[in-house]
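The values are calculated or read from the model by the stated rules, or taken from the named source; none is laboratory data. Quick caveat, the model's predicted, so the values are computed rather than measured. FYI the Cβ positions are ideal-geometry reconstructions off the backbone, even for glycines, and counts take in every protein chain you see. These area figures cover heavy atoms from the full protein model, side chains too; ligands, DNA and RNA do not enter into them. Shrake-Rupley method; radii C 1.70, N 1.55, O 1.52, S 1.80 Å.
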Amino acid sequence: MIGKSKAALLIVAHGSTVNPDSSAPTLAHAAEIRRRRIFADVECAFWKEEPSLRDALFFFDPESIGEVCVVPNFISEGYFTQTVIPRELELNGQTTKRSNGQIWKYCEPVGNHPMMTELLLKRARDITPDVDSAETSLLIVAHGTDLNENSAVAAKREAEKIRGLGKFAAVLNVYMEEPPLVSDWRKLTETRNVVVVPFFISDGLHIPRLIGITNGRSATTSRVVRGEIFRHNPHKIDDRLLFYAPSVGTDSGFADIIIEQAQNSC
């Protein structure tokens with residue numbers, strides 16, 4: 001990696017037109033990295049929010065920034081990391097040299113980092129401090145999509161790694177949009193205790209609705225953002241105890257992972 005006086009970091013994420021807090025974790029991680037003064041500049045760009053990915057092409061002055069490290073704040077390789085981001089940022093591979101002389105390095109998504117396993121386990125431990133994991137099923141929830149078969153790979157990989165540790169009665173990778181569906185968690189699990197850890201960058205309203213966490217009302221984004229849904233753990237549904245964790249991408253340790261992904265490629 002070239003000296004920090006010449007290198008900038010660009011964190012790219014999905015964002016949302018529905019959930020205004022979708023970009024909050026990415027912005028928080030960028031602020032922390034900026035505070036550490038590792039890079040000459042640290043900026044964020046989004047697919048569904050401002051500033052856009054296209055805007056990012058004009059963020060960095062080539063007179064002062066010689067290299068830009070692009071880190072996708074995405075959980076898995078897939079449609080966005082392999083198609084959308086390279087297209088919008090006009091990248092032609094891992095290394096792209098611009099006509100102005102800047103070198104742009106395209107890094108692996110954060111979800112490929114080996115620390116993901118420990119962060120998922122930490123999320124599960126944090127919400128079940130007094131629960132016997134041997135009598136508990138752990139569900140790692142990812143999005144899943146028919147746009148790219150690689151979308152489900154990261155959750156499957158992490159579930160296999162955690163399953164191999166033998167800590168839980170069962171460890172399953174489940175999805176919002178492809179089988180096995182998280183909405184079928186009652187059929188998929190046999191234990192009374194079920195822990196759900198979203199393998200996502202930010203918290204949102206979709207998974208609580210799918211798994212039936214309503215507390216007598218419809219789950220809303222504001223309840224998730226305020227943390228109310230997490231403070232009510234466990235959620236008693238029928239005769240089961242459901243523990244719902246914050247998304248792994250909201251963990252403060254993600255700042256370290258973003259830095260390492262950049263340093264591994266730049």
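Overview of results
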read-out	value
Subset of Lys187/Lys236; Lys105/Lys161; Lys156/Lys187; Lys6/Lys97; Lys48/Lys122; Lys105/Lys156 violating a 22 Å alpha-carbon distance limit	Lys105/Lys161; Lys48/Lys122; Lys105/Lys156
Probe 1.4 Å, protein heavy atoms only - accessible area per residue of the chain in square angstrom	46
Globularity ratio of the chain, using Cα Rg and 2.2 N^0.38 Å	1.05
Ser52 long-range amide H proximity, modeled H, under 5 Å	Phe46
Distance (nanometres) between label positions extended 7 Å along Cα→Cβ at Lys167 and Asn233	1.2
Residues with amide H under 5 Å from that of Val195, placed H, sequence gap 5 or more	Ser137, Leu138, Leu139, Phe243
Extension gain, Arg54 back to Asp126 (0.36 nm per residue minus Cα-Cα distance, nm)	22.1 nm
Estimated [θ] at 222 nm from DSSP helical runs (n ≥ 4, -39500 (n - 2.57)) normalised by residues in the chain, nearest 500	-7500 deg cm²/dmol
Fully extended contour minus Cα-Cα distance, from Thr95 to Arg37, at 0.36 nm per residue	18.5 nm
Cα convex hull of segment 21-129 - mean projected area over all directions, nm²	8.2
Choice from Asn100, Asn73, Asn233 showing the highest fluctuation, given a GNM over the chain with Cα pairs closer than 10 Å	Asn100
Accessible-area ranking of Glu50, Glu88, largest first, probe 1.4 Å	Glu50, Glu88
